[in-house]
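A.B. asks: Pasting a structure below so you can have a look.
The values are calculated or read from the model by the stated rules, or taken from the named source; none is laboratory data. What you are looking at is a predicted structure, and each value in this text was computed from that prediction instead of being measured. Here the Cβ is made from the backbone with ideal geometry for all residues, glycine too, and neighbour counts use every protein chain on show. These accessible areas exclude ligands, DNA and RNA; they are computed on the full protein's heavy atoms, side chains included. Shrake-Rupley method; radii C 1.70, N 1.55, O 1.52, S 1.80 Å.
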Amino acid sequence: MAMIRWGLGRLTFHLLKRRSSLLLKLTAIILAVLFFCEFLVYYLVIFRCNWPEVKTRARDQARQTLDPVLRAMFLADTHLLGEVTGHWFDKLRREWQMERAFQTALWLLQPEVVFILGDIFDEGKWSMPQAWADDVERFQKMFRHPSHVQLKVVAGNHDIGFHYRMTRYKVKRFERAFNCEMLFSWKGVNFVMVNSVALEGDGCTICSKAEEELMDISHKLNCSRQLLWWLRPRLVLSGHTHSACEVLHQGGVPEISVPSFNWRNRNNPSFIMGSITSSDYALSKCYLPYEDTVLSMYCGAAGLLVVLLLAHFELLAPRFLFGRHLIRMHTVR
């Protein structure tokens, strides 16, 4: 009787040991995959990005003082989902992706100013006051930044409505939330942030006000004549298209469209890095992790977990078990 009890106790201990070993393996794999896919992968990918080099000229030949270089990040079309069409899991997945990408880029690249070029929200064009306040609070959490980094935001059609649905209330609400300004200057570089939704040219009240503000800025910058003639920009950066493309305007002024920052709009989001001086600039693109790559890693990890479970309960095909037995025999020898 004592031998039977001893045998049962030993068997129970063996089963518990096997179960705990399996549990530890499963937990270790799950935690490792989560850590890599939701945290480490952003550092590995963005670490490869570098600020482009820009030529600097001496402002004072006697002192050999060089033009200061301003490091600026440009991203667009974050499209934070709202309460109407936004599914909770979609919000969780894509907004976590943007938050991790942005915070990682801030830590690794150390930009001095970040511009977000429109369509911050997906439902700003019809959001009720409480929903708008909730969306703004989520944005501020995701795109938090240290005090020495400037964050400048431009309105898009999803933020204030398409031209025919844009109202003064929506425009003012956006400007109050983000302390919007049309002219921003730093290190001798002037940035003019334009609400292109208000530049339809049909004489609407909001359009007229926007044109007056642009004219006022043009006088401050000692310029004159219509938008490109008014401001004489060296470079135009815009959002809205969700893709990267370049257009050369009359006079040789390039306009570059910044791709979407959100996995919901692109499998391969990216942003633009600019090294800018008062006389020159250089741009490069920094890609974020591909969503397909992350999903593939999760699928591979799920397959590995299934194999471990089948092996534990000895449900694998006989040929596989026979091969594993041969490997063990070879290892023992």
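A.B. asks: Applying the selection to the stretch 131-147, what residues are touching a residue at least 40 places away in the same chain (Cβ under 8 Å), surrounded by 14 or more Cβ atoms within 10 Å (Cβ to Cβ) and assigned to a loop (DSSP other than H, G, I, E, B)?
C.D. replies: F143 - this is the single residue of the stretch 131-147 that is touching a residue at least 40 places away in the same chain (Cβ under 8 Å), surrounded by 14 or more Cβ atoms within 10 Å (Cβ to Cβ) and assigned to a loop (DSSP other than H, G, I, E, B).
A.B. asks: Further, regarding this structure: Tell me, yes or no, whether the stretch 98-115 has at least one residue that is open to solvent by 10 Å² or more (accessible area, probe 1.4 Å), more than 25 Å from I276 (Cβ to Cβ), out of contact with any Leu (no Cβ under 8 Å at 6 or more places or on another chain) and at pLDDT 95 or above.
C.D. replies: For the stretch 98-115, residues open to solvent by 10 Å² or more (accessible area, probe 1.4 Å), more than 25 Å from I276 (Cβ to Cβ), out of contact with any Leu (no Cβ under 8 Å at 6 or more places or on another chain) and at pLDDT 95 or above: present.
A.B. asks: Just give me the residues in the stretch 179-195 being at pLDDT 85 or above, open to solvent by 30 Å² or more (accessible area, probe 1.4 Å) and either under 22 Å from S260 (Cβ atoms) or assigned to a loop (DSSP other than H, G, I, E, B) (or both), in sequence order.
C.D. replies: The answer is N179, C180, E181, K187, G188.
A.B. asks: Quick test of your reading of the structure: M128 fulfils all but one of (1) free of Cβ contacts under 8 Å to residues at least 24 places away in the same chain; (2) among the aliphatic types (A, V, I, L, M); (3) within 18 Å of G239 (Cβ to Cβ). Name the failing condition by number.
C.D. replies: It is condition (3) that M128 fails.
A.B. asks: Take the residues in the stretch 237-254 that are part of a strand (DSSP E or B) and not polar (S, T, N, Q), then tell me which one is nearest to T78 (Cα to Cα). Give the derivation first.
C.D. replies: Let us first name the residues in the stretch 237-254 that are part of a strand (DSSP E or B), namely 237-238, 245-248, 254.
Imposing the further condition that a residue be not polar (S, T, N, Q) reduces the set to 237, 245-248, 254.
Details: L237: 16, C245: 18, E246: 20, V247: 23, L248: 26, P254: 23 Å.
Only one residue fits best here, namely L237.
A.B. asks: Moving to a separate point now. Given the criterion surrounded by 13 or more Cβ atoms within 10 Å (Cβ to Cβ) and either at negative phi or without any contact (Cβ under 8 Å) to a residue 40 or more places away in the chain (or both), identify the matching residue among D119, D90. Let's see the steps before the verdict.
C.D. replies: Values: D119 fails: either at negative phi or without any contact (Cβ under 8 Å) to a residue 40 or more places away in the chain (or both).
From the options D119, D90, the qualifying one is D90.
A.B. asks: Tell me, yes or no, whether the stretch 281-299 has at least one residue that is among the basic types (K, R), under 22 Å from G118 (Cα atoms), in a loop (DSSP other than H, G, I, E, B) and at pLDDT 90 or above.
C.D. replies: In the first step, residues of the stretch 281-299 are kept if they are among the basic types (K, R); the result is 285.
Next, only the ones that are under 22 Å from G118 (Cα atoms) stay: 285.
The next check asks that each one be in a loop (DSSP other than H, G, I, E, B); those that pass are none.
Taking every residue of the stretch 281-299 in turn, none turns out to be among the basic types (K, R), under 22 Å from G118 (Cα atoms), in a loop (DSSP other than H, G, I, E, B) and at pLDDT 90 or above.
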